[in-house]
1. Where in the stretch 17-57 does the amide nitrogen come within less than 20 Å of the point 7 Å from the Cα of residue 275, taken along Cα to Cβ?
2. What is the extension gain from residue 197 to residue 19, computed as 0.36 nm multiplied by their sequence separation minus the C-alpha to C-alpha distance, in nm to one decimal?
3. Given a Förster distance of 35 angstrom, what is the FRET efficiency for residue 101 paired with residue 297, based on the Cβ-Cβ distance and rounded to 0.05?
4. Over the alpha carbons of the chain, what is the largest minus smallest coordinate on each principal axis, giving the biggest first in Å?
5. Using 0.36 nm per residue, how much length does the chain from residue 113 to residue 1 gain when fully extended, once their Cα-Cα distance is taken away?
6. For the pair residue 58 and residue 177, what calculated FRET efficiency results from E = 1/(1 + (r/R0)^6), where r is the Cβ-Cβ distance and R0 = 56 Å, to the nearest 0.05?
7. If I take all pairs of Cα atoms in the stretch 106-202, what percentage of them are more than 18 Å from each other?
8. So if R0 is 35 Å, what FRET efficiency would residue 166 and residue 70 give, r being the distance between their Cβ atoms, rounded to the nearest 0.05?
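Values in this text are rule-based calculations from the coordinates and carry no lab data. Given the structure is predicted, the values throughout are model-derived calculations rather than measurements. Don't worry about glycine lacking a Cβ; one is built from the backbone with ideal geometry, like all the others, and counts go over all protein chains shown.
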Ligand SMILES: [Mn+2]
């Protein structure tokens, strides 16, 4: 059996209306370390948007590297795979890859082409081993694809989907070449699929409408699991249990306050149907809207109403329970 954990869209270094999310991220990473250990996970996949910006703060980077060292020190057999998202700088993520490889962590920030334009596909293909150290699956790690990554002649907006499809098809072909019968094929990517459910305040502003949505046919039936990042609401793609967005671990906007934040635990047993389980992430800080959880008021108005005793506030958790 192979047990893998799928998470994405950490956005380390994020600020919400000027408030640092450092505490929430630290709590999440500490919790994740404990989960990986207690569930004896074999692999961890982080599907992009590791950092909130292309130029993350020293504090955000320190938190990231500290997490990787702790994970590998506590669980030396855990395969860790990370890819770049649209918020990440591909080259910044790739820069420490020699050190991370030596630590046993595979990071693919972006596609790298040689002078002839060829892609080093081996960089994107990672073996996953079970507790006995046997290879039981192969993971194709496709970072977020930018226009410049697409094959020549596929940069126009109409052919963007065709270009992305070609690259995924090539990765899958390379993945199949590496594997032998009985070994599962897994993919991770950072992209927007058709009919995905977007958060109004968080991801929509970075997507140019729906014209770049990719069809689910991108992933053929022989792929056991697709670990996606980009959308912050945990969801499966269409009716496919095995093609999922894990969602972000913390709410990145007030629109996301009601989401159930989770990581996905995927158990792959040879010859048996895949099992996916949502592992709920404890919320360390509540996002609360005043006065009524739906609308919001200007602070000066609230202070005035509070002083004149005309404001009555009932705090409610995102799950609807009253806080007071
Ligand atoms: Mn994101």
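1. 35-45
2. Contour length minus the Cα-Cα distance gives 61.5 nm.
3. Numbers: r = 52 Å, r/R0 = 1.47.
Efficiency, from the Cβ-Cβ distance: 0.10.
4. Projected onto its principal axes, the Cα set of the chain covers 72, 47, 40 Å.
5. Going from the current span to full extension adds 36.8 nm.
6. The value I calculate is 0.85.
7. Tail fraction, whole percent: 54.
8. On the way: r = 39 Å, r/R0 = 1.11.
The calculated FRET efficiency here is 0.35.
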